[in-house]
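What follows draws every value from the coordinates through simple rules; no lab data is involved. Keep in mind that what you see is a predicted model, and the values were worked out from it rather than measured. Reconstructed Cβ throughout: ideal geometry from the backbone, glycine too, with neighbour counts over all protein chains shown.
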Amino acid sequence: MWLFSKKGPSGFSSTSTAEEVTQGINGTGLTAIVTGASTGIGAETARVLSLRGVHVVMGVRNMAAATHVKEAIIKENPTAKVDVMELDLSSMASVKKFASEFNSAGLPLNILINNAGVMATPFMLSQDKIEMQFATNHVGHFLLTNLLLETMKSTAKQSNIEGRIVNVSSEAHRFPYKEGIRFDKINDQPGYSTGYAYGQSKLANVLHANELARRLKEDGVQITANSLHPGSINTDLLRHHSIINGLVKAVGKYLLKNVGQGAATTCYAALHPQVKGVSGEYFSDSNIGKPSTLAKDTELAKKLWEFSMSLVH
């Protein structure tokens, strides 16, 4: 990644790590939920936030893997506050159970990081009969955010500390189906493309953050919502494509970000003082980036919101 390491206005670049972008920041007293925190950049995000004093709640599908991550975090940092809770984003019942248990625990919530995701899966439907990539990457997070929003609002009001919602999207948001979101063909198997379906779900992440930012601003709530591209990272997302995954693993160490660099933009958007008051933006390499034209379409964002509400109800 040294070929592409020019620093942006924030002072950080594609080679900056999560530890570097949060250096000197004290997150003591803050509570964050990180979804998909049992592997990859989610695990690194949880580690670095807890290193900065944040109480991290890991929302995960694989409880055994997450427990290992938690143990490793506490071994490195004995004062870390980390909890593990079961969460399957592809199941609305699981999302509702997680949100109910979290809200009932009486914990504050300052930061919500919608990180979990699947990529380029073969065509399949979720438990709720929604195409799996759209269900996991967008619908689950949309529902989770809605169910936790009142807790975030009351936390922001009582603490007078800005709440932050961070959607981990991807540059793949530039490559959805030609219409962007296939509202009337979400479950269309004959027209299904693993890549375009992934792009559609990542476009939905940006549109969701933008519309949420607009609504929060309209309500005068002290909570921001942003989306981001973590970078091309050497992780396990391509596990459904063994040959491509093998090639990525082979060349990744030379061309792709490592996990520390991959989690940097997430940690920057979640914790850095430079991002205070910034909402409805798309970040890349720990700097404000430019999303696609479709991603900036306010009418498309509103339409997606209404469509998502109809799915979760």
Practice task
Using Cα centres only, tell me the gap between segment 116-179 and segment 22-59 in whole Å.
Solution key: 18 Å
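Before anything else, pin down the relative contact order of segment 1-155: Cα pairs under 8 Å, at least 6 apart, normalised by residue count, whole percent.
Details: 249 pairs, mean separation 32.0, N = 155.
Result for segment 1-155 is 21 percent.
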Fill in the blank from the handout: Per GNM of the chain with C-alpha springs under 10 angstrom, the most fluctuating residue out of N205, N258, N137 is N258
Problem - Extension gain from S193 to T121, taking 0.36 nm per residue of separation minus the Cα-Cα distance - result: 25.0 nm
Handout entry: trypsin sites (Lys or Arg not before Pro) restricted to DSSP loop in segment 1-98 with at most 13 other C-beta within 10 Å
Key = K6
Fill in the blank from the handout: Row for segment 1-146, column shape: gyration tensor on C-alpha, a ≥ b ≥ c, rounded if a/c < 1.5 i.e. under 1.5, prolate if a/b over b/c, else oblate; value oblate
Handout entry: Whichever lysines have a C-alpha closer than 20 Å to that of K185, once near sequence neighbours (fewer than 8 apart) are set aside
Key = K129, K202, K302, K303
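Output the relative contact order of the chain, whole-number percent, from Cα pairs under 8 angstrom with separation of 6+ residues.
Working: 638 pairs, mean separation 67.1, N = 313.
Result for the chain is 21 percent.
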Handout entry: For the chain, calculated [θ]222 nm from helices alone, where every DSSP H run of n ≥ 4 adds -39500 (n - 2.57)
Key = -13000 deg cm²/dmol
Handout entry: Among A105, A209, A65, residue whose mean-square fluctuation peaks in a GNM of the chain (springs only between Cα atoms under 10 Å)
Key = A105
Practice task
Please identify, among L256, L148, L107, the residue showing maximal mean-square fluctuation in a Gaussian network model of the chain using a 10 angstrom Cα cutoff.
Solution key: L107
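Which of the three applies to the chain, rounded, prolate or oblate, going by the alpha-carbon gyration tensor with a ≥ b ≥ c and a/c under 1.5 meaning rounded?
Note, shape of the chain comes out rounded.
Please work out how much length the chain gains when fully extended from D184 to K96, using 0.36 nm per residue of separation minus the C-alpha to C-alpha distance, in nm with one decimal.
Details: separation 88, 0.36 × 88 = 31.68 nm, distance 2.55 nm.
Fully extending the segment from D184 to K96 adds 29.1 nm.
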Exercise for the section: Could you check the simple spin-label distance between D219 and M85, using points 7 Å along Cα→Cβ, in nm with one decimal? Expected result: 1.8 nm
Completion exercise
Which residues qualify? For S90, with a placed amide H closer than 5 Å and at least 5 residues away or on another chain, they are none
